[in-house]
Ligand code: IMP
């Protein structure tokens with residue numbers, strides 16, 4: 001059975017501070033250009049909403065959704081795009097906004113798929129990076145926070161569709177009754 005840790009792992013004030021830092025860095029890097037920001041549903045919806053409002057570069061926004069078929073909370077490696085980007089990508093500066101890079105399988109597939117549509121550039125901004133859990137090599141260009149292991153919820157992230165609405169980030173702890 002899974003239960004929430006009682007302590008907050010990342011407080012909303014630290015999230016807000018870090019999101020503004022990321023937004024400042026992105027605004028500097030894309031100065032004079034226009035970003036096509038692509039949020040990965042569903043987990044990135046809150047992070048993207050905060051990020052897009054903190055960036056000073058003009059942005060267009062769209063979404064993509066990927067399903068990973070397999071058991072439990074881990075990617076199986078078989079990734080399918082279930083909702084694709086509807087705006088034109090060719091010649092655009094695409095910034096993919098994702099909640100977590102874990103095994104790297106989802107983002108590897110999304111980046112490879114969108115690259116076929118000839119963007120001018122394609123970069124990734126992830127709220128959280130679990131670097132040690134990669135199954136395929138993948139480096140995000142902008143990372144909010146890093147952690148080694150553990151399963152987190154809140155700020156858009158879910159455990160079986162629960163807890164997305166929490167403004168702070170918590171760790172899920174498993175216990176055996
Ligand atoms: P990857 O393909 O293994 O990199 O999986 C990335 C996806 O797994 C993320 O977009 C999340 O939806 C989900 N995920 C991985 N770790 C967590 C976590 O700790 N909490 C919530 N979702 C997670």
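Here are some notes:
- Region 58-84, residues that are over 17 Å from residue 99 (Cα atoms) and modelled with pLDDT under 95: 69, 70, 71, 72, 76, 77, 78, 80
- Residue 160 passes every criterion in (1) at positive phi; (2) touching a residue at least 12 places away in the same chain (Cβ under 8 Å) apart from (2).
- Within this structure, residue 148 passes the test of being under 17 Å from the mean Cα position of the chain (by Cα) and either modelled with pLDDT under 95 or at positive phi (or both).
- For the criterion of being within 21 Å of residue 29 (Cβ to Cβ), within 11 Å of the ligand (Cβ to nearest atom) and out of contact with any helix residue (DSSP H, G or I) (no Cβ under 9 Å at 6 or more places or on another chain), residue 114 fails.
- Some residue of region 159-168 being buried (at least 16 other Cβ atoms within 10 Å of the Cβ), at pLDDT below 95, assigned to a strand (DSSP E or B) and within 12 Å of the ligand (Cβ to nearest atom): yes
- Hey, residue 61 assigned to a strand (DSSP E or B) and more than 11 Å from the ligand (Cβ to nearest atom) or not: yes
- Hits in region 24-57 (condition: part of a helix (DSSP H, G or I), touching a helix residue (DSSP H, G or I) at 6+ places or on another chain (Cβ under 9 Å) and closer than 12 Å to residue 127 by Cα): 47, 50, 51
- The set of residues in region 112-137 being buried (at least 16 other Cβ atoms within 10 Å of the Cβ), more than 12 Å from the chain's Cα centre (by Cα), at pLDDT 95 or above and outside any strand (DSSP E or B) consists of 114, 119.
- Only residues that are more than 11 Å from the ligand (Cβ to nearest atom) and part of a strand (DSSP E or B) were counted in region 143-157, giving 4.
Each row is one residue, and each column tells you yes or no for (1) over 28 Å from residue 169 (Cα atoms); (2) within 16 Å of the ligand (Cβ to nearest atom).
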| position | (1), (2) |
| --- | --- |
| 28 | no, no |
| 33 | yes, no |
| 79 | no, yes |
| 87 | yes, no |
| 100 | no, yes |
| 119 | yes, no |
| 131 | no, yes |
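- Failed condition for residue 138, given (1) free of Cβ contacts under 8 Å to residues at least 12 places away in the same chain; (2) touching a helix residue (DSSP H, G or I) at 6+ places or on another chain (Cβ under 6 Å): (1)
- Of the criteria (1) modelled with pLDDT of 95 or more; (2) outside any strand (DSSP E or B); (3) over 11 Å from the mean Cα position of the chain (by Cα), which one residue 140 fails: (3)
The values are calculated or read from the model by the stated rules, or taken from the named source; none is laboratory data. Since the model is a prediction, treat every value here as computed from it, not as a measurement. Using ideal geometry, Cβ is built from the backbone for each residue, glycine included, and neighbour counts are taken over all protein chains shown.
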